Amino acid sequence: MYYLDPQSLDYILFFLAVVSIIFFAAFWITTIISLIGAKCVLYRKSDLISYDESLSGVSVIKPLMGVDPLLEENLESHFTMKYPNFELLFCVPDDQDPAITLVQRLQEKYPNVDTQLFIGGKEGIINPMVFNMAPAYENAKYPNIWISTSRIKASSDIILDLACKLKKPNVGLVHQMPFVTDQKGFAATLEKVYFGCALPRYYIALNQLNQACCTGMSYMFKKSVVDEVKGLVHYGKYLAEDFFLTHAIHDKGYKLVISAFPAQQNVAGPTVKAFKNRMVRWIRLRINMMPIVSGLAEPLCDVIILSLHSSWAFYHFLGFNPYYFFIGHVILNCVLDYINLRNIQCGPLLFSKFQFIYVWFFREILSTWTFIEAFIQPRTITWGARTYQVRLGGHTTLMRDETKKCKS
């Protein structure tokens, strides 16, 4: 049996402590940039100009599948936008989708709004959302395209902000940071805490550092730029089409700009289970796209895990009491996350500070569990009624499709 001699063990512990300090420093650099960025970037209307004909027209693509209690509210918010030239392109996967009736009702209610309804997608595309959107993308008549998923609630300020920022010639895409509308209940508070605390730590910071970090919930791009990088359909072979599309645009030398307005996901009846499953799916996607970053750096930078190993590292180097360091580090993160959440909310919260604290701790502990669950079957991703296998590099194959069984 092999035993380490004391000197070798010292070298190993020294190396581990240095790695811990590096993660600690990176975490705090991004946290500080995020706090400053939230104050300096969000809800700033300095780029907005008047509603005039100099603004490029926008084709708004709305991929739909099924109906939830707030879908009508979300869709109607797009019909009531004030913008010089825009069209709404609704996409459903088949002629049995219940969203068709809702869209037709809104078309009758707002006859002056330019709309089209596309039924059926483009065969040969793995990603169900790109499959759904492909016909609308190919028939869009305006130079700017806004992909706005069914959860998103729109406004005139949002479309104007996206279009104004996209007007600059070196900007290829403008995106909204994911956030959520105000809903009551534990699960709704959990979503608010995640999208207002954990996600912005890196989302805002990476965008301030001019890195490609976008999600596909709500983003506007120049169609000519996306056609330069092989077009939207090309990225339908990936489940995370937004990741590969935005990186391709960034690699072409175009800027990716964050909107002043966070994306308002408006979903009825959120649950803890649905939230957890969503996080597991996202982690598995990231592990297969960025195995080192998401498989190692992300879990080690979770607040609880980071506090544990950095308290040991500071004790190893400086003799700090690890128990006091751990408690102080966790409390400081909780306070700063609350400050950042208030900046991103830009208004009163529906829950008290006490409710925030216990939901914050629950989310941080749940985060560790979601990483463990994601690592158990990292290549298998369930999205709705479909199950996919994702290989390293993001290439995807469909393993099982329960929707076909339901229809048969």
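Being within 23 Å of A260 (Cα to Cα), polar (S, T, N, Q) and open to solvent by 10 Å² or more (accessible area, probe 1.4 Å) is a description that applies to S77.
Given the criterion of a type in the set (A, V, I, L, M, F, W, C) and closer than 19 Å to Y202 by Cα, identify the matching residue among I331, I304, I327.
Going through I331, I304, I327 in turn, just one is of a type in the set (A, V, I, L, M, F, W, C) and closer than 19 Å to Y202 by Cα: I304.
Taken over region 80-92, the criterion of being open to solvent by less than 30 Å² (accessible area, probe 1.4 Å) and in a loop (DSSP other than H, G, I, E, B) is satisfied by M81, Y83.
Just checking: which of the helices (runs of 4 or more DSSP H) contained wholly in region 308-408 hold 2 or more residues that are loosely packed, with under 12 Cβ neighbours inside 10 Å and among the acidic types (D, E)? Those helices (runs of 4 or more DSSP H) do not exist here; none qualify.
Scanning region 176-207 for residues that are touching a helix residue (DSSP H, G or I) at 6+ places or on another chain (Cβ under 8 Å) and surrounded by fewer than 17 Cβ atoms within 10 Å (Cβ to Cβ) gives D182, F186.
Does any residue of region 224-236 turn out to be outside any helix (DSSP H, G or I) and either surrounded by 17 or more Cβ atoms within 10 Å (Cβ to Cβ) or of a type in the set (A, V, I, L, M) (or both)?
yes
Of all residues in region 301-333, those that are aromatic (F, W, Y) and within 34 Å of the chain's Cα centre (by Cα) total 4. Residues being in a loop (DSSP other than H, G, I, E, B) and polar (S, T, N, Q) are represented in region 51-59 by at least one member.
For I152, the criteria (1) at pLDDT 95 or above; (2) open to solvent by less than 10 Å² (accessible area, probe 1.4 Å); (3) within 21 Å of Y235 (Cα to Cα) hold in every case but one, which is (3). Mind listing whichever residues of region 93-107 are open to solvent by 80 Å² or more (accessible area, probe 1.4 Å) and either under 16 Å from I61 (Cβ atoms) or acidic (D, E) (or both)? Within region 93-107, D95 is the sole residue that qualifies. Total residues in region 248-280 satisfying the condition of being open to solvent by 30 Å² or more (accessible area, probe 1.4 Å) and out of contact with any strand residue (DSSP E or B) (no Cβ under 9 Å at 6 or more places or on another chain): the figure is 8.
The lone criterion from (1) crowded, with 18+ Cβ neighbours inside 10 Å; (2) β-branched (V, I, T); (3) modelled with pLDDT of 95 or more left unmet by I283 is number (3).
Taken together, the criteria place F244 among residues that are hydrophobic (A, V, I, L, M, F, W, C), over 25 Å from K167 (Cβ atoms), within 18 Å of the chain's Cα centre (by Cα) and not in a loop (DSSP other than H, G, I, E, B). Taking region 280-336 only, how many residues are in contact (Cβ under 8 Å) with a residue 60 or more places away in the chain and aliphatic (A, V, I, L, M)? Number of matching residues: 13.
The residue list N85, N132, N74, N127 contains one member that is touching a residue at least 40 places away in the same chain (Cβ under 8 Å), under 26 Å from D161 (Cα atoms) and touching a Gly at 6+ places or on another chain (Cβ under 6 Å), which is N85.
State whether one or more residues within region 186-196 are small (G, A, S), assigned to a loop (DSSP other than H, G, I, E, B), more than 17 Å from the chain's Cα centre (by Cα) and at pLDDT 95 or above. First the steps, then the outcome.
Step one: of region 186-196, the residues small (G, A, S) are 187-188, 196.
Pick out the ones that are also assigned to a loop (DSSP other than H, G, I, E, B) and you get none.
No - not one qualifying residue is present in region 186-196.
On inspection, P111 fails the criterion of being touching a Phe, Trp or Tyr at 6+ places or on another chain (Cβ under 9 Å) and either assigned to a loop (DSSP other than H, G, I, E, B) or more than 25 Å from P262 (Cβ to Cβ) (or both).
Look through region 226-241, keep the residues that are of a type in the set (A, V, I, L, M) and farther than 17 Å from I61 by Cα, and return whichever of them is nearest to the chain's Cα centre (by Cα).
First pass over region 226-241, keeping only residues of a type in the set (A, V, I, L, M): 226, 229, 232-233, 239-240.
This time we only want the ones that are farther than 17 Å from I61 by Cα, so: 229, 239-240.
Details: V229: 22, L239: 14, A240: 11 Å.
Selected residue: A240.
Looking at the structure I just gave you, is F23 assigned to a helix (DSSP H, G or I) and either touching an Asp or Glu at 6+ places or on another chain (Cβ under 6 Å) or open to solvent by less than 40 Å² (accessible area, probe 1.4 Å) (or both)? Considered against the rule, which asks whether it is assigned to a helix (DSSP H, G or I) and either touching an Asp or Glu at 6+ places or on another chain (Cβ under 6 Å) or open to solvent by less than 40 Å² (accessible area, probe 1.4 Å) (or both), F23 comes out as yes.
The values are calculated or read from the model by the stated rules, or taken from the named source; none is laboratory data. These numbers come from a predicted model, not from an experiment. All Cβ positions, glycine included, derive from the backbone under ideal geometry; neighbour counts span all protein chains shown. For the accessible areas, the whole protein counts, side chains as well, though only heavy atoms, and no ligand, DNA or RNA atoms are used. Shrake-Rupley method; radii C 1.70, N 1.55, O 1.52, S 1.80 Å.
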